[in-house]
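The values are calculated or read from the model by the stated rules, or taken from the named source; none is laboratory data. Small disclaimer: the values here were computed from a predicted structure and weren't measured. Please note: Cβ atoms are built from the backbone with ideal geometry, for glycine as well, and neighbour counts cover all protein chains shown.
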Amino acid sequence: MIKPARQQSRPIQSQVGAIATGALTAGWFLLQSLVALPVLAQEDQADALTYGMLLQKIESGQVESVELDNVRGVAKVRLEGDEESDPLHDVTLFTNDRNLELLQRLNENDVAYEVLEVSDNSALTWLATNALLAMILVFGLLLILRRSSGSSGNAMNFGRSKARFQMEAKTNVMFDDVAGIDEAKEELQEVVTFLKNPERFTAIGARIPKGVLLVGPPGTGKTLLAKAISGEAGTPFFSISGSEFVEMFVGVGASRVRDLFKKAKENAPCIVFIDEIDAVGRQRGAGIGGGNDEREQTLNQLLTEMDGFEGNSGIIIIAATNRPDVLDSALLRPGRFDRQVMVDLPTYKGRLGILQVHAREKKIADEVSIEAIARRTPGFSGAQLANLLNEAAILTARRRKEAVTMLEVNDAIDRLTMGLSLMPLMDSKKKRLIAYHEVGHALVATMLKHANPLDKVTIIPRSGGVGGFASFLPKEEQVDDGLISYAELMDRLVMSLGGRASEQVVFGPDEVTSGAANDIEQVTNIARQMVTRFGMSELGAFAMETDNQQPFLGRDFMSRNEYSNELAEKIDARVRAIADDCLAKAVEILENHRPLVDRLVDTLIEKETIDGEEFRRIASEYAQLPERPLVTPTDFGPG
């Protein structure tokens, strides 16, 4: 059986403590030896006079005085001729008989001597030394016991919830700080109202939802919305990530779920926020070979705590995920997550509010139009809009400007959508070929009635292998309602093939390059969806392919066709016919305006970037542009 890492480390800690204690003891004895060695060396050096030599010098009258130290057994002798500053000669005395013999010789020869009365402190010194050593040993043992008890305490806390708890959530985020998701805010304000005034709902028998699931793409503000709920409600707030429940040890996830709801019940009414709940709430028994038993036990415990045998009144669960398709159906049923709030990409009004919120802390020049930025960024999430203004501020600081201008905003949009700009190409065949390719896209789109308006065309390369690009301004209604007509789809296909058509018209079929690979792939995908899903062909208005994907099998793994082989041949033929027709139309447009193509290419090579307004002005000198509302600099700012 696998033991937790902390439990395995206890014997190692004990061994380390024992080794440390032994090292301290050895160090103490070594210190005593080092202190004693100089004394012994000094005594050996001074003890040049032996006991026999002392008796001879006493008989010969060479001894001036003697001091007897009976405690140490040493006689200190001063010989005649020694200076007062010279050290005394030490003579070691081993027995009391020798002391008596020495005293007799001293008296017979009239030598002055003195017996020193010194107290014996050896026993006290021994006691102090050993007491200090015992204290060191006891201290080492206490340190080992303390570490062992700490390790055992951590092991007992292993199954406790890691949720961050705040009695009053101090997120510093309110509903006024969240913009662009007004519908979601309106639904969640009911939760805040229930926590503040529950009598308003219970008086008429209403029951507040037990759980609210926030669903939406990444970066749309789900976690930010949960912070605003906690800041508005002013109630106890628990926050935890779904991945913090699942561990490699058996039973830990379920134990943490139980501990979390136990703490929540003690502090009810309160809010429990689980971020990225798909980490623990995936469908049970899914995938090849079954699921993870430990994760499924954690999910079962979560289902029981949310709506099981025991009630959970006063606890509101708020969870967030961007993958609702992988969640277990039992988790999504009423009684657990009664309400699913869609936090989608913001519309123009929402983007305008988000930009205004993030522009509060930045120095924005008066010429910058927040409305123009909002119109130019359909499809951007709240996180992308915040990153956009941050990149513009970084560019402003790098260019040593005092405020963000529209130039920095435009450069930031290009950097986020197309990549980092590189050094321009030298005037060569490759540069001219890229210019013809990009002008083909831009001119074909300008000549089509239902194509998106051109923003700018450039041949400045970008990171990631992009030699140049033609950017277009998306139509707001297409992003907001997701609807696009047959005519708009066909014009989009013709515009996508404008680059290949330009290479074919100018350089010939034998000189076309692989630069249109991504364009051809995009055309094939759109044309196939028009035939098989949108019913935009003579094959009929019925779906021959669906969007049923298997998230646990790699989504596109083991996909099956829902039509016969004969119909598959018709689908392939129709998709090919759509692509061929669109390419032929693009070639026709460019052949009819060949002088205009050369004029635009020369201008693009000279300036390297042409904005949409200038491009349309040059095109209008050579041809009649289709009647449609054009985009002006007043609407979208400079280029």
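A few remarks follow.
- A single member of A392, A487, A442, A397 is within 19 Å of G379 (Cβ to Cβ) and of a type in the set (G, A, S), and it is A392.
- All conditions but one from (1) touching a residue at least 24 places away in the same chain (Cβ under 8 Å); (2) of a type in the set (K, R); (3) outside any helix (DSSP H, G or I) apply to K430; the one that does not is (3).
- Taken residue by residue, segment 375-384 has at least one member that is among the basic types (K, R), over 30 Å from the mean Cα position of the chain (by Cα), more than 16 Å from V601 (Cα to Cα) and buried (at least 18 other Cβ atoms within 10 Å of the Cβ).
- Test: D120 is modelled with pLDDT under 75, surrounded by fewer than 11 Cβ atoms within 10 Å (Cβ to Cβ) and part of a helix (DSSP H, G or I): no
- For E391: the one exception among (1) outside any helix (DSSP H, G or I); (2) surrounded by fewer than 22 Cβ atoms within 10 Å (Cβ to Cβ): (1)
- Applying the condition of being surrounded by 15 or more Cβ atoms within 10 Å (Cβ to Cβ) and in contact (Cβ under 8 Å) with a residue 40 or more places away in the chain to segment 354-374 and asking which residue is nearest to A179 (Cα to Cα) yields I354.
- Residue check for V523: within 23 Å of L600 (Cα to Cα) and crowded, with 18+ Cβ neighbours inside 10 Å: no
Per-residue answers, yes or no, for (1) among the aliphatic types (A, V, I, L, M); (2) surrounded by fewer than 17 Cβ atoms within 10 Å (Cβ to Cβ):
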position	(1), (2)
D176	no, yes
K185	no, no
Q189	no, yes
F194	no, no
F201	no, yes
L225	yes, no
A233	yes, no
S243	no, yes
D259	no, yes
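- Pair list, Cβ < 6 Å and 6+ apart or interchain, from segment 457-468 residues that are in contact (Cβ under 8 Å) with a residue 40 or more places away in the chain to residues that are crowded, with 24+ Cβ neighbours inside 10 Å and assigned to a loop (DSSP other than H, G, I, E, B): T458/G468; I459/G468
- Qualifying residues in segment 261-280 (those that are β-branched (V, I, T) and closer than 17 Å to Q301 by Cβ) - the one surrounded by the most Cβ atoms within 10 Å (Cβ to Cβ): I277
This table checks each residue for (1) modelled with pLDDT of 85 or more; (2) not aliphatic (A, V, I, L, M).
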site: D411; (1), (2): yes, yes
site: L443; (1), (2): yes, no
site: M447; (1), (2): yes, no
site: N452; (1), (2): yes, yes
site: P461; (1), (2): yes, yes
site: Q478; (1), (2): no, yes
site: Y486; (1), (2): yes, yes
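- Residue identified as within 30 Å of L388 (Cβ to Cβ) and over 26 Å from the mean Cα position of the chain (by Cα) among E199, E187, E276, E266: E187
- Residue match in segment 384-398 (condition: of a type in the set (S, T, Y) and modelled with pLDDT under 90): no
- Subset tally (residues that are on the phi > 0 side of the Ramachandran plot and either modelled with pLDDT under 80 or not assigned by TED's automatic domain parsing to the domain that holds E183 (or both)) for segment 217-246: 1
Each row is one residue, and each column tells you yes or no for (1) modelled with pLDDT of 90 or more; (2) among the hydrophobic types (A, V, I, L, M, F, W, C); (3) assigned by TED's automatic domain parsing to the domain that holds S485; (4) not in a loop (DSSP other than H, G, I, E, B).
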{"position": "V523", "(1), (2), (3), (4)": "yes, yes, yes, yes"}
{"position": "M558", "(1), (2), (3), (4)": "no, yes, yes, no"}
{"position": "A577", "(1), (2), (3), (4)": "yes, yes, yes, yes"}
{"position": "D580", "(1), (2), (3), (4)": "yes, no, yes, yes"}
{"position": "E591", "(1), (2), (3), (4)": "yes, no, yes, yes"}
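- Residue that is surrounded by the fewest Cβ atoms within 10 Å (Cβ to Cβ) [pool: residues in segment 493-520 that are charged (D, E, K, R) and within 18 Å of I459 (Cβ to Cβ)]: D519
- Checking each residue in segment 503-535 for being under 30 Å from L567 (Cβ atoms) and of a type in the set (A, V, I, L, M, F, W, C) picks out A516, A517, I520, V523, I526, A527, M530, V531, F534.
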